[in-house]
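Quick notes on the structure that follows.
What follows is calculated from the coordinates using simple rules that are stated; it is not laboratory data. Everything numeric in this text was worked out from a predicted model, so none of it was measured. In this analysis, Cβ positions are derived from the backbone assuming ideal geometry, glycine residues included, and neighbour counts consider all displayed protein chains.
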Amino acid sequence: FRRSQYRIILPEDGMLLRRRAQELVELADLSLEENDSAFYSTHTSGQARLDVRRAFPLEILADGQEYVVEVSSGSVAQALEKAGVEMDAADFTEPALDTLVEREMEPVTVHRVDYEDVVTEEPVPFETEYVEQVDDPDGKYVHEILQSEGVEGVQQVTRRSTYIDGVYQDTQVI
């Protein structure tokens, strides 16, 4: 951040303990641009510390377009919101959404994640059950008798293909 610190000597009336940052900016006769931010940090012995962060351009790449927003602080998620770039639940960014923005950082890239589900019917093999029947008391002539014949079943299988920015990544059975 391009940050400036100002030391402001306050009057001795004691009422300025509750002053907000904007009031201190006015007292210091500073000018803030639209996207600059000021933070009142401390107050001791009649002095207040005012941190001023000057806005800077942040580049965002999304959906084949370039967006530039002026920010002075915040996270990647807040910058996207300011740019009007919406994210779906599976989409992700580089750097991550919770990364704090900083001057001269690489452009934020939004990656779009799409899924394609394909449902197919696949056979479920059946089992045929046999029981042994013994014709001879000594067990010499054994043969199998069909007890029940199975029926082939069908099950639905869903395969999900994942695409990031339109490029195929993988397929999984879900």
Q. Calculated FRET efficiency, Glu106 and Glu23, Cβ-Cβ r, R0 25 Å, to nearest 0.05?
A. 0.10
Q: Using only Cα atoms, figure out Rg for the stretch 53-124 and give it as a multiple of 2.2 N^0.38 Å.
A: 1.49
